[in-house]
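Single-structure report; data block below.
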Amino acid sequence: MRHAALIVIRDEHAALAAMLRSILLLLARHREQGTQPDFAALRAMLFYVDEFPEKRHHRKESELLFPKLRARMPLSRDLLDRLDEDHGRGELRIRELEHALLAFEMLGDARRAAFEQAAQRYVDFYLNHMRLEEQQVLPLAEKVLTADDWAELDEAFAGNRDPLTGHEPDADYRALFSRIVNTLPAPIGLGSGTR
């Protein structure tokens, strides 16, 4: 049986993975060309990561999905605790990355390498986090959660959908998503998932 919550989670993971990879590709392209990246576009992309995955997607996983799994499968506690800890530190990590971007923008090439390294670490961390969720947590959820659990999760995950998964953004975010999508060069795009 296909559960709407799982589709939403996987779609949002794929959109986030594409965004994160696009940041790295954008940086690499500008480094190779010896040019400065579009700092406004990078700020918009990092703001997206903070607004949607950090504040909306993770909250639903940590407050709804993970507690249900802990109740049904106590042996999963260590993994879920680790993922919750990742979620809890996510806000600090994105702030550190945003600060590294600001330092690069304000202080120039002297801070380029530091920002690029911080971006690579952040992307690696995030892709690994999503891989754990998709390879271990979601299959476990499919095995142990009840129909009532899924009904509640499906309803919760249907709200506040990520616009980068093809859903109409809230009015407040339309300009942000237009800016992000329109600033990415065509070869980068937003396409590949977490695998």
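A few comments on the model shown:
- Estimated at 0.36 nm per residue, the fully extended path between Asp78 and Leu24 surpasses their Cα-Cα distance by 16.3 nm.
- Cβ-derived FRET efficiency at R0 30 Å, Phe39 paired with Asp124, nearest 0.05: 0.85
- Taking label points 7 Å from Cα along the Cα-to-Cβ direction, Leu102 and Ser178 give a separation of 2.8 nm.
- Across the stretch 16-27, rounded Karplus estimates of 3J(HN,Hα) from the backbone phi angles (6.51 cos²θ - 1.76 cosθ + 1.60, θ = phi - 60°) give 5, 4, 5, 5, 5, 5, 5, 4, 5, 5, 4, 4 Hz, Gly and Pro being marked x.
- Remark: Asp124, Asp84 ranked as Asp124, Asp84, counting other beta-carbon atoms within 10 Å and listing the fewest first.
- Relative exposure of Lys143, Lys55, judged by other C-beta atoms within 10 Å (fewest first): Lys143, Lys55
- Each 10 Å bin from zero up to the one holding the largest Cα-Cα distance in the stretch 4-183 carries the following percent of pairs: 9, 36, 32, 17, 6, 1.
- The stretch 97-112 - phi-based ³J(HN,Hα) in whole Hz, Karplus 6.51/-1.76/1.60, Gly and Pro as x: 5, 4, 5, 4, 5, 4, 4, 4, 5, 7, 9, x, 4, 4, 10, 4
- Full extension of the chain segment joining Glu91 with Gln135 gains 13.5 nm, where the gain is 0.36 nm per residue of separation less the Cα-Cα distance.
- Ordered by the count of other Cβ atoms within 10 Å of each Cβ, fewest first, Met73, Met19, Met130 give Met73, Met19, Met130.
- The calculated FRET efficiency for Thr146 paired with Asp109, based on their beta-carbon distance and R0 = 41 Å, is about 0.15.
Read-outs throughout are calculated quantities, based only on the coordinates presented, and are distinct from any laboratory measurement. Computed from a prediction, not measured in an experiment: that's the story for all the values here. Note that we place each Cβ from the backbone using ideal geometry, even for glycine, and neighbour counts take in every protein chain shown.
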